[in-house]
Amino acid sequence: MIRTYLAATAALLLAACGQSTAPTTEEAPAAPQGLLEQIQAQSPEAQSVIAYHGFHRLPDCAPRLVVTPPCTSVRGTDRITVPANVAPDSIYAPHVGQVVFTVQCGALISATRMDYTQKWLVSFAPGAPEATVEHCLGPRESDLCPRNVPTADPAPATTTP
C-alpha cells in the first residue's frame, strides 16, 4: 500500500515537471491528462500532500512560478471544495465547484500566529499541466484564503401570487 502511494506520488511529481517515469512491465490504464485529473484520482487524504509537493516543486519545474518568500517548510495544508454560492468578491470565486488547496508555509510552532505572507492558494485547472498559485495575503495582513469559504446570501425565494 505504501509503495503504491509513493510510486503514484513520484509519478505525479515527475509528470508535473514534464518528465516521465520509467516504463513498467505491467500495462497500466492511460494516465489522466492534467494535474487536476491526476490529483482527483488519488484519495482525499493524499490530495493535500500531493498538492503541497507540487507547490513545493514549482521553482524546480517552472522557474517563473517562484514564490516569495520561499516556502522552506510546511505548517499546514487544507483541501477546500468551493461551493456554488461563493461570494463573488472572494479569491475562491473563479473556482466554483472545484477543489482547491491552501498551503501555509512556516515553522510548525503553535505559539506563533499564522503569517499570511507565507500562505498560498493552489488550484489545478482541467487539463492544465501545472498549478495556478495565488498569494493569500490581503489588506492589513488579512487572510484572503480562510478555511470557511465566504458565501453570498442565497437569493430570496420568490412566490407567484
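The values are calculated or read from the model by the stated rules, or taken from the named source; none is laboratory data. This one's a predicted model, so the numbers in the text were calculated from it and none came from an experiment. Because the Cβ atoms are built from the backbone with ideal geometry, glycine has one as well, and the counts that use them run over all protein chains shown.
Could we say that A131 is out of contact with any helix residue (DSSP H, G or I) (no Cβ under 6 Å at 6 or more places or on another chain) and either in contact (Cβ under 8 Å) with a residue 24 or more places away in the chain or of a type in the set (A, V, I, L, M) (or both) here?
No; evaluated as a whole, the condition is false for this residue.
Among what's in segment 58-95 and is modelled with pLDDT of 90 or more and part of a helix (DSSP H, G or I), pick the residue that is surrounded by the most Cβ atoms within 10 Å (Cβ to Cβ).
H95
Residue-by-condition table, conditions (1) modelled with pLDDT of 70 or more; (2) in contact with a Lys or Arg (Cβ under 8 Å, 6 or more places away or on another chain); (3) of a type outside the set (F, W, Y):
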{"position": "G18", "(1), (2), (3)": "no, no, yes"}
{"position": "E27", "(1), (2), (3)": "no, no, yes"}
{"position": "Y52", "(1), (2), (3)": "yes, no, no"}
{"position": "G97", "(1), (2), (3)": "yes, no, yes"}
{"position": "V103", "(1), (2), (3)": "yes, yes, yes"}
{"position": "L108", "(1), (2), (3)": "yes, yes, yes"}
